[in-house]
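The structure appears below as structure tokens.
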Amino acid sequence: MRAFPQCLWGAGAAARLPLPSSSPGAAVSIAPDLLRAAAYWAMLGAAALAASPPAAHFSVLIRGGEIIDGSGGPAYRADIGICHGRIAAIGNLQNARAATVIDARGLVVAPGFIDMLSHSDAALLRNGGCCSKIYEGVTTEVLGETASVATAGPLAGVALRRQRSLFAAQGVSVTWRRLRGYFQRLQRQGIRLNVASYATFGCIRESVMGLSSSVPTPAQLAAEQAMMAQAMRDGALGLATAFSYVPDIFARDPEVIAVARVAGRYGGIYATHVRGLGNIDAGGIQEAIRIARAARLPLHIFHLQVDRNDGRQAAGRVLGWLERARRQGLRVTADAYPYRAADNSAASMVPARFRAGGAAALLRRLANARLRAEIVRGIAASARRFGTRRDPAGWRQEYVISIARPSDRRYLGKNFQILGMMMRLPPAQAVARLLRREGGSFGRMFFNKSAASVRRIIAAPFVGIGGDAIDADMADNDGYAVPHPRYFGAEARILVWAREKRLFSLAEAVHKMTGLAAHTLQLHARGFIRRGYAADVAIFNPRTVQDHATYAHPWRYASGVEDVLVNGVPVLLHGRVTGARPGQVLHGPGWRLGWRMGSPNQARKRDAPPQAG
């Protein structure tokens, strides 16, 4: 491959290039890359600016692709020139040269996909983000939903100790307390993908109150608000809650609203895993709307779904509630993933009152015969929620998908009915015993949704895509997990659904994973193929792109995505992962705003709650 000088193009900031007749508009301007190119233009001098432009040189040139730009509009054919990590030109660049030329004829060129819900907090530090999401065309991961898994924080006290344990289980040491420290470590180590994060409410509450189920005192609430303010200045997108898990499950409206208002003052959003998740009678959707309205900030709902047994009209009812809130002026969006099954810790089947205090407290209660009997009844009631006509108790809808003890590997991939048979116990008692053996938690997958409800929700125009998974490397398959297939296929499957199920056009599918996500998350100059925007690009074959992971055999990468660029640098080139780590931290609005809002001492005074009297 012949190397050319990078990022030198024709004189004049408004040199014109013709577009093919099939593309919208008659011409496109080539603009210098923001401030970095300004110095170059200044050196050219007035005489050079008046001269005829030489052939353009780019760092990367993408030739002849069908551009789907992220807006939801129709595709058009054009070349793309990339310089300094930005899209510098779009049009007919037949005379241009570049250090790297990608032939995209017959392929779709789209903005890189934004995974609106990821749990790769530890994986990004372990290997820089590799490789399942790259093979799907993902260029940005969004973290921070829940403290029930390894998450960046912010952290103090009990939360810090618990997160140290969760990260250590994935081979990562925790060396930070604030989001700022986590972001700095990502950049220092290098990451393949871009990263953004919410402030995790569970970490904030646990840092201040431990895993208590009590209501915070005024002093504790003030401490939570101060942590939220600092997280926003560190670059959080907003506040995220997860009401299925400890400690979020113990929080009520006044506490969450008070903390969310701080996020709102910095321009953040409120994102939530709603209480009761798919159970529409649990009031979780109404609670989310109520909190966002009271706190005066936009609402985003993680993995929107409805339980299969709530009836055929359940998806329509939930979408109707959200549409009504949108019509009434609340900015509401959601994400979802294209699978009938969900997954989480089997501890979530235990009634909330027995989870107060965390895993150690749960283990003590499981050791008490009277309390264990109550816990077993709660586990059975949880399973019945997803029962079917042929499986009314629901045990065949529930599966063991990850464990920690070598002696328990024989249970992997087994449904809970078989688990009970293997242990010679009723299934609910078998689950309780496995919880005790595994230290209070093990991975569980459960089939809770109908295919029709999943399709209807994902087709809604305000619903984007969140994989709700960890970026997985097949080299990490150590035999202790049979993960949900969404770890390897969520975004690719959306493209397949556009091709085969015709739920939406390919342009609309791309929009859900790009423009819609960038607008929802307020990611500046991302999510679209436009001049001056970050060169996050996914190039795929629309006829062959395919997810291959199944429930029985999940450890399979997607195929059909040929090239992926992150900030203008290939991380996947001709179907092979490169060694490049060009990812960046994408800071939320408070990071920019914080520089204009005074010193840290002034900020602490400003964010402190008003004093009584």
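The values are calculated or read from the model by the stated rules, or taken from the named source; none is laboratory data. Since we're looking at a predicted model, the values are computed, not measured. Note that we place each Cβ from the backbone using ideal geometry, even for glycine, and neighbour counts take in every protein chain shown. Calculation scope for accessible area: heavy atoms of the full protein, side chains included, ligands and nucleic acids excluded. Shrake-Rupley method; radii C 1.70, N 1.55, O 1.52, S 1.80 Å.
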Sole residue being aliphatic (A, V, I, L, M), under 21 Å from Gly467 (Cβ atoms) and under 22 Å from the mean Cα position of the chain (by Cα), chosen from Ile269, Ile289, Ile285 = Ile269
Tally time: how many residues in the range 213-233 are open to solvent by 10 Å² or more (accessible area, probe 1.4 Å) and in contact (Cβ under 8 Å) with a residue 24 or more places away in the chain?
-> 12
Go through the residues of the range 226-235 one by one and say whether even a single one is part of a loop (DSSP other than H, G, I, E, B) and more than 30 Å from Ser382 (Cα to Cα).
-> yes
The range 374-401, residues that are open to solvent by 30 Å² or more (accessible area, probe 1.4 Å) and either part of a strand (DSSP E or B) or farther than 22 Å from Glu438 by Cα (or both) = Arg384, Arg385, Thr388, Arg389, Arg390, Pro392, Ala393, Tyr399
So Leu362 clears everything in (1) touching a residue at least 60 places away in the same chain (Cβ under 8 Å); (2) open to solvent by 60 Å² or more (accessible area, probe 1.4 Å) except one condition, right? Which one?
-> (2)
Options Ala552, Ala525: the member that is open to solvent by 30 Å² or more (accessible area, probe 1.4 Å) and either part of a loop (DSSP other than H, G, I, E, B) or at pLDDT below 95 (or both) | Ala552
Could you list, in sequence order, the residues of the range 127-167 that are modelled with pLDDT of 95 or more, open to solvent by 10 Å² or more (accessible area, probe 1.4 Å) and within 30 Å of Val561 (Cβ to Cβ)?
-> Tyr135
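Condition check ((1) over 20 Å from Leu304 (Cα atoms); (2) at pLDDT below 95) across all residues:
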| residue | (1), (2) |
| --- | --- |
| Ala451 | no, no |
| Arg455 | no, no |
| Gly467 | no, no |
| Tyr480 | yes, yes |
| Glu491 | no, no |
| Arg499 | yes, no |
| Ser505 | yes, no |
| Arg531 | yes, no |
Within the range 340-363, can one find any residue that is part of a loop (DSSP other than H, G, I, E, B) and within 22 Å of Ala315 (Cα to Cα)?
-> yes
Search result, residues across the range 452-509 that are open to solvent by 10 Å² or more (accessible area, probe 1.4 Å), in a loop (DSSP other than H, G, I, E, B) and among the aromatic types (Phe, Trp, Tyr) = Tyr480, Phe504
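Matching residues to (1) in contact with a His (Cβ under 6 Å, 6 or more places away or on another chain); (2) modelled with pLDDT of 95 or more; (3) hydrophobic (A, V, I, L, M, F, W, C); (4) within 27 Å of Arg185 (Cα to Cα):
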{"site": "Ile204", "(1), (2), (3), (4)": "no, yes, yes, yes"}
{"site": "Val208", "(1), (2), (3), (4)": "no, yes, yes, yes"}
{"site": "Gly276", "(1), (2), (3), (4)": "no, no, no, no"}
{"site": "Ala282", "(1), (2), (3), (4)": "no, no, yes, no"}
Scope the range 291-325; condition within 24 Å of Leu143 (Cα to Cα), open to solvent by 40 Å² or more (accessible area, probe 1.4 Å) and either out of contact with any Gly (no Cβ under 8 Å at 6 or more places or on another chain) or at pLDDT below 95 (or both); matching residues = Arg293
